[in-house]
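The values are calculated or read from the model by the stated rules, or taken from the named source; none is laboratory data. Here the structure is a predicted model, which is why all the values come from computation and not from measurement. We place every Cβ from the backbone using ideal geometry, glycine too, and count neighbours over all the protein chains shown. When the accessible area is computed, the model is the full protein with side chains, heavy atoms only, and any ligands, DNA or RNA have been set aside. Shrake-Rupley method; radii C 1.70, N 1.55, O 1.52, S 1.80 Å.
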Amino acid sequence: MEKMNRAFEHVQKGEELCQKQCLRDAERAFQRAIGIYEKEKDVGGVAYALGRLGDCYEKSGEADKALETYRRAVELGTDIPAIYGGLISLLVEQGKLDEAFHVVEQWQTHGQRHISGPAHQIFVGIGARLTREKRYEEAIVLLSRTGEVISAQRFPNEHWAAKSQLGYAYEKADDIETAMDVFAAAIKDGSNDRQTYTRYIMYLEKTKQYEKALHVIKRGLKVQHNAAWEADLRKRQQRIERKAGQVPKGAVPKIIPVFSVRRGQKSVSLLHQVKFSPQLTNLGVGQGMAYAISGGKIPKLSAWQIDDATMAWQVELPEVSSGIVVTTESIVTYAQQGRVGEGKTMLHFLDLSGNEVTTQCLPDAPSEIVASSGRVYAGCRDGKLYAFSTQGKPLWSYRVPGSKDPQESAYTRPSPYYVDAASNLVVFSSFSNVFALNERGKLRYRWSVPERRSTSRSGGINLTVSLGTASVRGLAVAVDGSRVVVTVDDEIFELVNGKINGQVKRKGKMLEKVALDPTGSIWAVGADEEVLILQNRKAAGRFTAPRGAKLSLDSKADRVIAWAGEQLVVASLAGRTIADIEFVKRVSHAQCVDDGRIVVGAGQLVILDTSPQLSIAESESAKRESKPKVAGGEKLAKSSAERPTEEQGIPIRWIEGEKLDTGRGKARYKGGRGQTLTIEQLALEHYSQLGYKGTWAENEYWWAIMALLFWDVIFTRLSRVFTPEFGEFPSAMQDMPLDFFTPDFFLRRKKLIEGRIAELTQPRLFGLRKANIEAELKSAFRRHRGRPCRPIDWTRLTKVDGLVMATRVLTDRQLMQIMYRLLMNFNENRSGLPDLFLNCDGKPLFSEVKSERERVAENQIVWMLYLRKKVGVAVEICRVIPNM
C-alpha cells in the first residue's frame, strides 16, 4: 500500500509540473509512477498514469506522443473514459477515422458506455465542435459515418441527434438542399429530434411551402416530448395557417397554451392566459384578484381580476422582488439583498390600488412571510419573528432563544424557518422546536420534537443510544388556530394548545409541506414523490407528485394541487389524480381559488378550470384504472386472451411452468433440463431463452452496491453515530452507524451524499482525476472486502463481477437515482426492489416474479413505479401459472 501511495504522489507531482510546462520533469514523474504500478502489477494504475501522461503531452502540443501514450493505455483494457476520449479526439483531428471507430468499439466493450447512450455518441459532440470551428467537410464525413453506426432501433435519441447535427453541418456549409434532404429523411424515418423539425419547418416556411410545413408540424406534435416544444410547434402552426390563407384576415389569433396536459385532458379547461414581457416572476392571490410581478430593468406589479382577466392597475416597483404576500387590506412585496448573515430585506407595503404606503427593513434574509387577520409576520434569519400591521407599522418582534449565542455559521442560527398564522395565533419552527405566539407577540406555548432513541444488542447487552431530535420539515395552522399540524421526518403531529392531540407515522417517508382545509381536519402532506391525504388523521388517499412540491387545498371544490419545477398535479381529496400538467416555464406560485379554479404563475398568468363537473368522465376512468387487475384470492381467467395485461400500470408477462408437488414450503417448478427450480429461477430460465442475461438480484444486490460506492459517507465519523468505547468503526461491534435505520441518517449526510453522487457522475471525458463508477465499485470491493457492514453479506458476495452489470447496463444517472432512494430512507426503501435484474443488448429490465394469485406488495409497486417513471427503465411483473 505504501508503494501504491508513492506512485500516486508521483502522478500528482507530474500534474503540477505539467501545469508549469516543465514537461521533461513531468514526464519523468509519470514514468516513475508507471514503473511502481507495473512492479505491483496494478494494470489500472498503469493505465491511469499513462492517461495523465498523455494528457500532459496533449496540452503541450505533442500530439504524436499523446497518441501513442493513449494507445498504450487502451491496449491494457482500461475503462477510464477520458483516455478513450483523448485518443478518439486526436485520431479524428488526424483524419484516422477507421482507427477512431475501432477505439470506440473497444471502449464499448471494455469501458463504460457513454453516459446517455452508446460510446459512439462522442462523435456527435466532436462533429458539433467541428461545425462551430467551420470545418464543415470534416464534420460531415464524421457525422455521416456516426449516423450509420448508431442504430436507430437500439439508440433512437442518439441516432437522430447525429442526423440532426449532420443536417445542421450541411446547412452551415451553405448546402441547403442537402441539409433539407437530411432533415426530411430523418422526419420520414421517425426522428424525435427538436432541432431537425425546427430547422426543416423554418426552411419550408421561408420557401412558402406552407402545406408541407403544416404536415410536418402535425407530425411533430405527435412526437414532441415537452411543453416548450409543443408550444413552439403550435405557434408556428398558427402563423403558417395565416400565411396559407387558412385563417380569415382579421381573425383574432387563438391562445397558445403555455402548458401541456399529460393526463386528464377532459378535466382541464383554460379560462384565461395573460402574457407578460418580461415574464411574470412572482404571483399573489387574494380578494378575487391576482397580483403579478414581472421582472426586467423596471419591475412592475399589476392587478388582474380573476373572473375575466382584466387588468385593474399597474405600478412600477423600486427593485426586483423576491416574493409577494397579499392581505385583506394591502400588498407586501419584499426584496432580499445579499446572502444570509450579510444582507438585508426591504419590505414594501402597498394599498390595494398599488400605492406605496411605507417601507420597512429586515436586518437579514427572510425565511417565510405570511399574513393573517390584519397582521404580517416575517421570519428573519437574524433570529427574530417580526410583526407588522397591514399598513406596515412595526408592532413587535420575538427573538428565538439561542439566536444570540455564538454560531459556526449564519445558516445554523436558531431562527423562524417555517411560519404560519391564524386569526389569533402565529406559529413558527426553529430546528426541532415549535413556538406559538398570540397576536401581541406573547408566547402561548413551546413544543419540542420528541427525542428519538435507538436500541441495539451487542455481546448480550442491550444498548440504548439517543439519536437526538429531528428538525421540523413543515407546519400549518387551522384557520381558527385550534390546531397545528407539524411534519417531522416520517411522522405527523397534531398539536392542540401545545400538546400532542394525535400522531401519524408514515413508515419512513420523508414528509415535508403541509396544507390544511379551513377546519384543519383534512391534511395534504408532501411525502417523497407523492402527496398523502388524511382526514381526521386517517389515510384518505394519495397521488404521485414531484418531490418537494408546494401544496394548495380547496375542500369545497374537492381539489388538491401540488407543484414543483414545471409540473403541476391536480387531484381529488380521495387522492385520485385528475390532471397532470407540464408548463413551459417554472411554476412560481399556484393556488386553488374556488369552484375548482386554479390560478398559476408560470412565466405568464394562467387561470384554469378543473371544476368537478368537467371531470366526471375522467374520474370514472381513473377509478377503473386504479383498481388492481390482480388481487390475492381472486380467480383469474384461464384463457390467455382474458388475462390482464397490466397491474396498477405495470405490464404483466404470463409464463407457464410445471409445478412440482414438494409438500409444504416454497413452491418448486421443473426446469427445462428436468432440474428443480424456485419460481425466480424458472423465470430466469424463461428470460434467458428470450436472449436476456441477468441475476436474481432482489434487494441485497443493490444494498451491496450502495454500501461499496458510499462507504466513506456511511461510516463518516459524525457525533453520536458510533460508540468510541467499542473501538474501530466499522467493526463487528458496530457494523452500521447508530442512525442508519432512521430518517436522520439522510438529513445529517445530505450534502455528503449529493457530493458523492456529483463526484461519481460528473462528466470526465477530458479529465482523468476519477475513474468511472465500475472502477470505483471494483476498487471499493478490493479495499473493504470482508469488513463488517450490515447491508453486505460477505459469505454470498465473494466476487464483484455480478455487481458490475449494474454499472454497464444502467447509465450513471439511473444507477444514482436508485442509490439516492435507498439512502434517503434505508429503513423504508430497502425492501420491495424487483426480484430480477436483466438486460438484453444493453437494455435493462426489472422483473418482479409472482405466482398466479400472489399479491404484489405496496412497497413493490412503489419501487416499480419509481424505476419506470423516475429512473426510466423497463419494469414488468412476471406471473407464473401451472401448465394445464
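Here are the numbers for this structure:
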{"read-out": "Long-range amide H partners of VAL285 with built H, under 5 Å", "value": "TYR291, VAL326"}
{"read-out": "R0 of 45 Å, Cβ-Cβ distance ARG537-ARG219: FRET efficiency to nearest 0.05", "value": "0.30"}
{"read-out": "Cα-based shape type of region 681-797, given that a ≥ b ≥ c are square roots of the gyration tensor eigenvalues and the cut on a/c is 1.5", "value": "oblate"}
{"read-out": "Value of relative contact order over the chain, rounded to a whole percent, pairs C-alpha under 8 Å and six or more apart", "value": "8 percent"}
{"read-out": "Shape of region 352-448, Cα gyration tensor, a/c cut at 1.5", "value": "oblate"}
{"read-out": "In nm, spacing of pseudo-spin labels at LEU752 and ASP609 (7 Å Cα→C-beta vector)", "value": "5.5 nm"}
{"read-out": "Subset of LYS208/LYS266; LYS538/LYS666; LYS266/LYS585; LYS585/LYS869; LYS344/LYS393; LYS218/LYS266 violating a 26 Å alpha-carbon distance limit", "value": "LYS208/LYS266; LYS538/LYS666"}
{"read-out": "Rounded to the nearest 10 Å², the accessible area of LEU752 at probe 1.4 Å", "value": "80 Å²"}
{"read-out": "Label selected from (1) 137, 82, 62; (2) 106, 74, 54; (3) 86, 77, 76, the criterion being Cα extents along the principal axes in Å as computed here", "value": "(3)"}
{"read-out": "Distant alpha-carbon pairs in region 125-224 (separation over 22 angstrom), percent", "value": "26 percent"}
{"read-out": "Whole-Hz ³J(HN,Hα) from phi, Karplus 6.51 cos²θ - 1.76 cosθ + 1.60, for region 27-32, glycine and proline x", "value": "4, 5, 4, 5, 5, 4"}
{"read-out": "Sparse-neighbour loop sites [GluC sites (Glu not before Pro); region 300-379; at most 14 other C-beta within 10 Å; DSSP]", "value": "GLU319, GLU342"}
{"read-out": "Accessible surface of THR390 - all protein chains present, 1.4 Å probe, nearest 10 Å²", "value": "10 Å²"}
{"read-out": "Net dipole in debye of the chain [+1 Lys, Arg Cβ; -1 Asp, Glu Cβ; about Cα centre; nearest 20]", "value": "960 debye"}
{"read-out": "Nearest-20 debye value, region 750-884 charge dipole, Cβ charges on Lys, Arg, Asp, Glu", "value": "580 debye"}
{"read-out": "Added length on full extension, which subtracts the Cα-Cα distance from 0.36 nm per residue, ILE500 to TRP396", "value": "34.6 nm"}
{"read-out": "Per-residue SASA entry for LYS499, accessible area with 1.4 Å probe, Å² rounded to 10", "value": "140 Å²"}
{"read-out": "Furthest towards positive pole of dipole, LEU822, HIS159, PRO81, structure part the chain, Cβ charges", "value": "LEU822"}
{"read-out": "Percentage relative contact order, region 733-884, counting C-alpha pairs under 8 Å, at least six apart", "value": "21 percent"}
{"read-out": "Ranked order, HIS102, HIS348 - accessible area, probe 1.4 Å, largest first", "value": "HIS102, HIS348"}
{"read-out": "Per-pair calculated FRET efficiency, R0 = 56 Å: SER423 and HIS102 via Cβ, rounded to 0.05", "value": "0.15"}
{"read-out": "19 Å Cα-Cα reach of LYS212 towards aspartates and glutamates, excluding residues that sit fewer than 8 places from it in its own chain", "value": "GLU177, ASP181, ASP189, ASP193, GLU230, ASP232, GLU241"}
{"read-out": "Solvent-accessible area per residue for the chain (1.4 angstrom probe, square angstrom)", "value": "45 Å²"}
{"read-out": "Most to least packed among 141-150, 258-267 [average Cβ atoms within 10 Å]", "value": "141-150, 258-267"}
{"read-out": "Shape call, region 313-359: gyration tensor on alpha carbons, a/c limit 1.5", "value": "prolate"}
{"read-out": "Cα-based Rg / Dmax (Å) for region 178-301", "value": "18.0, 59"}
{"read-out": "Calculated from backbone phi, Karplus (6.51, -1.76, 1.60) coupling profile of region 551-565 in Hz, x at Gly/Pro", "value": "10, 9, 9, 10, 5, 5, 8, 6, 9, 10, 10, 9, 9, 6, x"}
{"read-out": "Within the accessible area of the chain (1.4 Å probe), percent carbon and sulfur", "value": "47 percent"}
{"read-out": "Distant-in-sequence amide H partners of ARG263 (H built 1.01 Å from N, under 5 Å)", "value": "ASP580"}
{"read-out": "Whichever lysines have a C-alpha closer than 25 Å to that of LYS134, once near sequence neighbours (fewer than 8 apart) are set aside", "value": "LYS59, LYS96, LYS163, LYS172, LYS206"}
{"read-out": "Amide H partners (placed H, <5 Å) of ALA540, local residues excluded", "value": "ILE533, LEU534, GLN535"}
{"read-out": "Phi to ³J(HN,Hα) by Karplus 6.51 cos²θ - 1.76 cosθ + 1.60 over region 387-395, Hz, x for Gly, Pro", "value": "10, 10, 6, 5, 8, x, 7, x, 9"}
{"read-out": "Summed residue charge, Cβ within 13 Å of GLN591's Cβ, Lys/Arg positive, Asp/Glu negative", "value": "+1"}
{"read-out": "Size of electric dipole in region 86-187: Cβ of Lys, Arg +1 and of Asp, Glu -1, about Cα centre, debye, nearest 20", "value": "380 debye"}
{"read-out": "GluC sites (Glu not before Pro) restricted to DSSP loop in region 793-884 with at most 16 other C-beta within 10 Å", "value": "GLU852, GLU854"}
